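The values are calculated or read from the model by the stated rules, or taken from the named source; none is laboratory data. What you see is a predicted model; the values in this text were computed from it and never measured. Glycine gets a Cβ as well: all are built from the backbone with ideal geometry, and neighbour counts include every protein chain shown. Each accessible area value is taken on the protein alone, full model and side chains, heavy atoms only, with ligands, DNA and RNA left out. Shrake-Rupley method; radii C 1.70, N 1.55, O 1.52, S 1.80 Å.
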Protein chains: 2
Amino acid sequence: MENYRIYLTEEEIPTHYYNLRADMKVKPAPLVNPGTLKPMTAEELEGVFCKELVQQELDDDTRYFEIPEGIRDYYKIYRPSPLVRAFNLEKALGTPAKIYFKFEGNNTSGSHKLNSAAAQAYYAKQQGLKGITTETGAGQWGTALSMAAAHFGLDCIVYMVKGSYEQKPFRREVMRTYGASVTPSPSDTTQIGRKILEQFPGTTGSLGCAISEAVEAAVTREGYRYVLGSVLNQVLLHQSVIGLEAHKAFEKIGVKPDIIVGCTGGGSNLGGLIAPFMGEKLRGEADYRFVAVEPASCPSLTRGKYMYDFCDTGNVCPLAKMYTLGNGFIPSPIHAGGLRFHGMSTIISELYHQGMMEARAYEQTEVFQAAEIFAKAEGILPAPESGHAIKGAIDIALECKESGEEKVILLGLSGTGYFDLMAYQQYNDGTMTDYIPSDEDLVKAFAFIPPQPEDL
Amino acid sequence: MENYRIYLTEEEIPTHYYNLRADMKVKPAPLVNPGTLKPMTAEELEGVFCKELVQQELDDDTRYFEIPEGIRDYYKIYRPSPLVRAFNLEKALGTPAKIYFKFEGNNTSGSHKLNSAAAQAYYAKQQGLKGITTETGAGQWGTALSMAAAHFGLDCIVYMVKGSYEQKPFRREVMRTYGASVTPSPSDTTQIGRKILEQFPGTTGSLGCAISEAVEAAVTREGYRYVLGSVLNQVLLHQSVIGLEAHKAFEKIGVKPDIIVGCTGGGSNLGGLIAPFMGEKLRGEADYRFVAVEPASCPSLTRGKYMYDFCDTGNVCPLAKMYTLGNGFIPSPIHAGGLRFHGMSTIISELYHQGMMEARAYEQTEVFQAAEIFAKAEGILPAPESGHAIKGAIDIALECKESGEEKVILLGLSGTGYFDLMAYQQYNDGTMTDYIPSDEDLVKAFAFIPPQPEDL
């Protein structure tokens, strides 16, 4: 019988990141300066981001970027991540489909975010910077960045949405253990924070506000830059290690996936998972079915518009052309998992627009139900984000059961749910409810979409 | 350069448990019936424990027990666990010592406990039982048992110390997600629980009380048995997979450890880690230095007495000959980590008594300091229990730095600290304090040790 876990050797950790854009005939639309409505230049971006990362962000043509030894050495403490045959899940479902999952939660940050955090911290250090700033909501990205910053010897300043800072103290303490300074946002440490506190003294904060504070903290400090954990091209580039490893592991066992399923909020996990497979499809070398799964409460792909919009609710970031619900869209607070971003990576958006992938949206109770089935069968408690991909994969596997098809499904298991247990408690107590925005809600949110740049 | 992680293949997961007692010339003293003061018989034990497990408990002679296929298949979803070369920790310490750690936290229960939970649930199912009962404090064992019970299709009833149930809801929710029924103890579901609630209406419970309730729940239900996650011979037998895998991995890379360091509360992790190495030492085939690390706040090996004592504070369990602080000893509530048991596995106790291993005791702030160093270097947030072993290993590595010796150290990393972040918060805030029992405290606790059985 085939093994449960297919491990690569350390030598088989990818030596290069794969840049999916190089194989796209129609490239994702460029980031645009909201003031001039012209594409952002490297110079403009370098005030906020690290130099090397700006190069990666803007480069649509270079197919492979070598992964520096310092990053590869760091990857060795938690990579290669396993590709696992979900024998027990297949049995529980009674499906003829073969299900594999690529598990990115086997590190203390608990998710795939560490892949890009390591790269971004490395390049910041190489540039001779003192530190990096970022924002975090529930804390997966902040945790990952704190770990990477500690390793590379950088100061790490994290603005954490105040509500999460107070109600979800566990990730905060992981960040502090790794030496990060964690500030509840809004705070009195920035101009924008003080302004918001004055206007809304009792606010529990928002991701948009935390982004604004983190950017301000970077640009007002000598030797600091701002870093971001999703959405950007550079982040998808770094996350390609997920797909590259999965691709190699499948090669090793002589199996080819038919259907690749991933969850998507900003798109970093999905984009990394599908990268080399989508590359083959774009080059006409192979065909795969790609399924993006998003929450019904924040349905940017399935119900959004493909337009230029601000990446942040505070409107301090550039405009990106993407599937968006409008930058004023705030998912219902009853939604427990992540994937709460109003927009979507421009790469994923353009691929979806080209018809290269499907999208499905699920409600959260059915997602937790799927997560529970998976946890019992495979012994891993999934993150709610990953639960979306699981729900998608289970549904497809049950469709295979109907049709009798022995399809091979690859499922991206982006992380663990150890820090999401309040949501599991709601589910266990039967008090979890669903929320789907009405058409009216969406019309209101779309009104936030700014005037569109011409000719882009 | 050598690899960071040394993985075994699935086929190299041990096929047999190794029974260390078979190689001990002086066997650990038998469990004794507190009523008759005679060794417990199989018949007496089978009222409480599963048949097959009782056989394993009492068998001092069989060297190897075959691991049934059902257990091996379950092990495949999270084993073999990696043996990791701690290159980054070595560098951070500047030591010539080579440090390896065997990491047992790569599963949703977060610790090595799952190794025995899987075995105990399997044998219970084989016996045709309906369910199993147990107690849990912080919840590592309860989580592991819930996962195993879900896999093998058994009802699982967990009595969780009420203080933990209320203050540490996360592990409780993992257990519930796996379908376990979790009851705060003391409860009104048992006679002993009702009695305690009547006497102490506001009590937050104790492990001793939870044990008594779990045992009562098992013996008063048709088709139920009680299971225990540490201390017992059977548990150390199952945990031998840790040491067997580590031994095989070292063989693969042609390295032999000089010093083996593990933390110990009841002894299950340490006993499993050292098993095959100690076997070689007992048979005179090789020599190793073994170091048991315990908390200074609960110093059973370093300050306890080697005598017969009750395993539980409720005095419903058999007597065991072990290093004990007295069954009435309750570690200070300021102690944050696990390892709070007043006694010690009879196997570990006898080996220590024979001078086959050393013991060290550390205070908790220095343990968390070591855990932080480890987390930053190796990217894994350790459980406070494992932090004790880390502190021991770091001290030995620094001794090697002094002496210039290139010793090879094997460190047992029993689990992760994801559910111990309130303790990390205390440490990060600088509010963590230490407590070492005074000689007077110990004299008071020793008074609980019952009259000793003659001739044993």
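One table, with the values for the structure above:
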{"read-out": "Closest Cβ on chain B to the rotation axis that carries it onto A (distance rounded to whole Å)", "value": "B:TYR418, 2"}
{"read-out": "Accessible area (Å², 1.4 Å probe, nearest 10) - A:LYS281", "value": "50 Å²"}
{"read-out": "Leading residue at positive end of dipole, segment B:394-449 (Cβ point charges), from B:LEU398, B:THR433, B:LEU413", "value": "B:LEU413"}
{"read-out": "Whole-angstrom gap from segment B:380-442 to segment B:8-62, using each part's C-alpha centre", "value": "31 Å"}
{"read-out": "Whole-percent pair-distance distribution, where bins are 20 Å wide, for the alpha carbons of the protein assembly as shown", "value": "15, 47, 31, 7, 0"}
{"read-out": "Net lengthening on full extension, B:THR365/B:GLN452 (0.36 nm per residue, minus Cα-Cα)", "value": "27.6 nm"}
{"read-out": "Where labels lie 7 Å past Cα in the beta-carbon direction, separation of A:GLU440 and A:GLU69 in nm", "value": "6.4 nm"}
{"read-out": "Highest to lowest packing among A:242-253, B:7-18, A:128-139, scored as the average C-beta count within 10 Å", "value": "A:128-139, A:242-253, B:7-18"}
{"read-out": "Other-chain or far-sequence residues with amide H under 5 Å of B:PHE290's (modelled H)", "value": "B:ILE260, B:GLU358"}
{"read-out": "Over 30 Å (Cα to Cα) - which of A:LYS113/A:LYS391; A:LYS98/B:LYS248; A:LYS130/A:LYS162; A:LYS27/A:LYS76; A:LYS113/A:LYS444; A:LYS376/A:LYS401 fall in this group", "value": "A:LYS98/B:LYS248; A:LYS27/A:LYS76; A:LYS113/A:LYS444"}
{"read-out": "Prolate/oblate/rounded call for segment A:201-246, Cα gyration tensor, a/c under 1.5 rounded", "value": "oblate"}
{"read-out": "List A:VAL182, A:VAL235, A:VAL219, ordered by accessible area with a 1.4 Å probe, largest first", "value": "A:VAL219, A:VAL182, A:VAL235"}
{"read-out": "Between B and A, accessible area buried - total, square angstrom, nearest 100, 1.4 angstrom probe", "value": "4200 Å²"}
{"read-out": "Largest-first principal axis extents, alpha carbons of segment B:204-350, Å", "value": "51, 38, 27"}
{"read-out": "Three-way shape label, segment B:365-444, alpha-carbon gyration tensor, a/c 1.5", "value": "oblate"}
{"read-out": "Listed residue (A:GLY47, A:ALA86, A:ILE67) projecting farthest to the positive dipole end of segment A:36-99, Cβ model", "value": "A:ALA86"}
{"read-out": "Computed E for A:GLN126/B:THR36 - FRET, C-beta separation, R0 56 angstrom, nearest 0.05", "value": "0.15"}
{"read-out": "Rounded FRET efficiency, nearest 0.05, which uses the C-beta distance separating B:THR302 from A:ASP61 and R0 of 56 Å", "value": "0.30"}
{"read-out": "Candidate residues B:LYS168, A:LYS98: accessible-area rank, largest first, probe 1.4 Å", "value": "B:LYS168, A:LYS98"}
{"read-out": "Those residues of segment B:38-66 whose amide nitrogen sits under 19 Å from the label point placed on B:ALA22, 7 Å along Cα→Cβ", "value": "B:52-66"}
{"read-out": "On Cα atoms only, tilt of A:207-219 relative to the major axis of chain A in degrees", "value": "60 degrees"}
{"read-out": "Calculated P(r) of segment B:81-169 - Cα pairs past 19 Å, %", "value": "53 percent"}
{"read-out": "Stretch gain in nm, segment B:MET356-B:ILE253, where the contour uses 0.36 nm per residue and the Cα spacing is subtracted", "value": "34.4 nm"}
{"read-out": "Between segment B:80-100 and segment A:207-246, the alpha-carbon center distance in angstrom", "value": "31 Å"}
{"read-out": "The protein assembly as shown - accessible surface per residue (Å², probe 1.4 Å)", "value": "34 Å²"}
{"read-out": "Student exercise, the protein assembly as shown dipole from Lys, Arg, Asp, Glu Cβ charges, in Debye to nearest 20", "value": "60 debye"}
{"read-out": "Shape call, chain B: gyration tensor on alpha carbons, a/c limit 1.5", "value": "rounded"}
{"read-out": "Per-residue HN-Hα couplings for segment B:378-395 [Karplus 6.51, -1.76, 1.60; θ = phi - 60°; Hz; x = Gly/Pro]", "value": "9, x, 10, 7, x, 5, x, 4, 5, x, 4, 5, 4, 4, x, 5, 4, 4"}
{"read-out": "B:VAL316 accessible area, 1.4 Å probe, all protein chains in place, Å² to nearest 10", "value": "80 Å²"}
{"read-out": "Chain-alone versus full-assembly comparison, segment B:1-23, residues with accessible loss of at least 30 Å² (1.4 Å probe)", "value": "B:ASN3, B:TYR4, B:ARG5, B:TYR7, B:GLU10"}
{"read-out": "Integer Hz, Karplus 6.51/-1.76/1.60 couplings in order for segment B:366-373, x for Gly and Pro", "value": "5, 5, 5, 4, 5, 4, 5, 4"}
{"read-out": "Cα-centre dipole for segment B:1-49 with unit charges at Cβ (Lys and Arg positive, Asp and Glu negative), debye to 20", "value": "400 debye"}
{"read-out": "Per-copy distances of the B:SER438 label point, shortest first, in nm (7 angstrom along Cα→Cβ)", "value": "7.0"}
{"read-out": "Fraction of accessible area attributable to carbon and sulfur, segment B:38-105 (%, probe 1.4 Å)", "value": "46 percent"}
{"read-out": "³J(HN,Hα), Karplus 6.51/-1.76/1.60, whole Hz, each residue of segment A:238-253, x for Gly, Pro", "value": "4, 6, 4, 4, 4, x, 4, 5, 4, 4, 5, 5, 5, 4, 4, 9"}
{"read-out": "Separation between Cα centres of segment B:300-336 and segment A:121-198, rounded to whole Å", "value": "44 Å"}
{"read-out": "Protein-only accessible surface order, largest first, of A:ASP155, A:ASP61 at 1.4 Å", "value": "A:ASP61, A:ASP155"}
{"read-out": "Modelled FRET efficiency - R0 25 Å, B:ASP429 with B:LEU398, Cβ distances, 0.05 increments", "value": "0.40"}
